[in-house]
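The values are calculated or read from the model by the stated rules, or taken from the named source; none is laboratory data. Quick caveat: nothing in here was measured; it's all calculated off a predicted structure. With ideal geometry, Cβ positions are generated from the backbone for all residues, glycine too; neighbour counts draw on all protein chains shown.
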Amino acid sequence: MNLPRASGILLHPTSFPGPDGIGDLGPEAYQWIDFLKDSDTTLWQVLPLGPTGYGDSPYQCFSAFAGNPYLISPTLLLDQGLLTRADFTDRPVFPAEGVDYGNAIQWKLTLLNRAFTRFTTRQDDELQKRFNQFCKENAAWLQDYAIFMAIKESQGGRSWLDWDKALKMHELAAVQLFTDSNMQAIQEQQFKQFLFFEQWNALKEYAHANGVKIIGDVPIFVSMDSADVWAHRELFFIDSKGNPIFIAGVPPDYFSPTGQLWGNPLYNWKKHRDSGFAWWIERMRASLQLFDWIRLDHFRGFAAYWKIKAGSPTAEVGIWEKGPGAALFTALENTLGELPIIAEDLGVITPDVVALREKFSFPGMCILQFAFGGDPADRFLPHNYVRNSVVYTGTHDNNTTLGWFNMSSSAERDFCLKYLGSGGEDIVANMIRTIWSSVASFSIAPMQDFLNLDTHARMNYPSKADGNWCWRMAPNAESVELAGRIRDLNFLYSR
């Protein structure tokens, strides 16, 4: 797929400012789209939008299809009449520039419960009609997810691996008995999904009306504690007791000397092939309804993946297994048409990964922060870029660019300064300008870099279990002056 020349900013919705403890899809999200329009920026990149579980990570979600209810805007529910001003009188005081997930989640769930109660007690035929239509159109995944989440709540939030045996093993009689006895709890889960998708779709329409397209993120793997694995365990390497046999990760790399032990169950790709990749087709179909472009995480895992025995203490010991390769993407293209995929091809990339990416003309990724540890042949240096690529200063897994520069070795810093012809006073602006001026079709930087923030604003530390995903943008950070600077860059470099 040929990319237009364009620029974008990476900012996850949880990072928006706002009064309810966590960024959401309300007024601040619309203000963000206005900022992008004012700066002539046509791409907005987000992280996965699923319901977060372990460690609050958007890469460990309870479903590959559902949306994150914590992103639902209470302000929009107030405008809709599903909340009243009285519902906000007990709002806690939240930190302005960080997410306190424990308190924010408790508050959001309190408000969503109040909204659901009002939905069930008032007569709103139009809203009820839209809700019923949503449930009908999404029944293929929504029913399993809503039951899964209702059981999880009844079990104190425990992983399904720790549920009572009949429910853990998804015995149909036990699931039906629970369903019949908990219809309201299940409907409440469906209602939260309805609210999320209504708000997201409205925001996406607003973005499109203002010339902004959205790059989403689809992780290759799903969480072990998810409705997908619970309801479709035949698609994964799961034993007869429901436990994972093999888990996902990567061997030692730039990010970790012991590798990354993700813990996700591995796909039984033979089962997926036998079904014509039906589950993957539906997953990608759903993702393409959310996003205009998809960053497909850990693309090298589709060529070959690191197979680690469940229970291993680190990811150092494992074997490479062949992935589904071209068969998967051919099946997706035959059903869904041309795929607007960006291949996250970072790490150790072997010829089979390059061949797979090039077969389907997927653009790959380059990270400027990675460019200065070697020599002028490094593929991450701008003079080595190709047009069909997407280049970043850094991603959510990297330090901020200022933090990276301050913590780099003297050799890296020297190489960087020589390459950029910079004295280092405006190193972040220099690095942004460098990728904007490059031949790569898409150039993207995290908002933290445009704000020239240091390590305290880092979004994620790979292999660190907690304390991630907390950064929030300060109110009014999207200044007129900043929009003007970005607009000038986009003009100068035809983006």
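Computed quantities for the displayed model
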read-out	value
Qualifying residue in segment 203-213 (condition: under 30 Å from Thr75 (Cβ atoms), within 19 Å of the chain's Cα centre (by Cα), assigned to a loop (DSSP other than H, G, I, E, B) and touching a residue at least 60 places away in the same chain (Cβ under 8 Å))	yes
Residue satisfying condition, being modelled with pLDDT under 95 and in contact with a Pro (Cβ under 7 Å, 6 or more places away or on another chain), within set Gly263, Gly242, Gly259	Gly259
Every pair of residues 6+ apart whose Cβ atoms lie under 9 Å, when the first sits in segment 287-309 and is over 18 Å from Asn264 (Cβ atoms) while the second is at pLDDT below 95 and not β-branched (Val, Ile, Thr)	Trp293/Leu3
Entirely in segment 256-332, the helices (runs of 4 or more DSSP H) that have 1 or more residues that are among the hydroxyl-bearing types (Ser, Thr, Tyr)	278-290
Qualifying residue in segment 85-101 (condition: small (Gly, Ala, Ser), part of a loop (DSSP other than H, G, I, E, B) and either at pLDDT 95 or above or closer than 21 Å to Met149 by Cα (or both))	no
Candidate set from segment 71-110 (those that are of a type in the set (Ser, Thr, Tyr) and in contact with a helix residue (DSSP H, G or I) (Cβ under 8 Å, 6 or more places away or on another chain)); member that is surrounded by the most Cβ atoms within 10 Å (Cβ to Cβ)	Ser73
Filter result for Leu346 (part of a loop (DSSP other than H, G, I, E, B), closer than 25 Å to Phe442 by Cα and at pLDDT below 95)	yes
Selected residue (criterion: nearest to Leu489 (Cα to Cα)) from residues of segment 411-440 that are free of Cβ contacts under 8 Å to residues at least 40 places away in the same chain and β-branched (Val, Ile, Thr)	Val428
Helices (runs of 4 or more DSSP H) wholly inside segment 409-495 containing at least 3 residues that are under 18 Å from Gln45 (Cβ atoms) and not basic (Lys, Arg)	427-436, 447-450, 480-492
Some residue of segment 144-163 being farther than 21 Å from Ser226 by Cα and part of a helix (DSSP H, G or I)	no
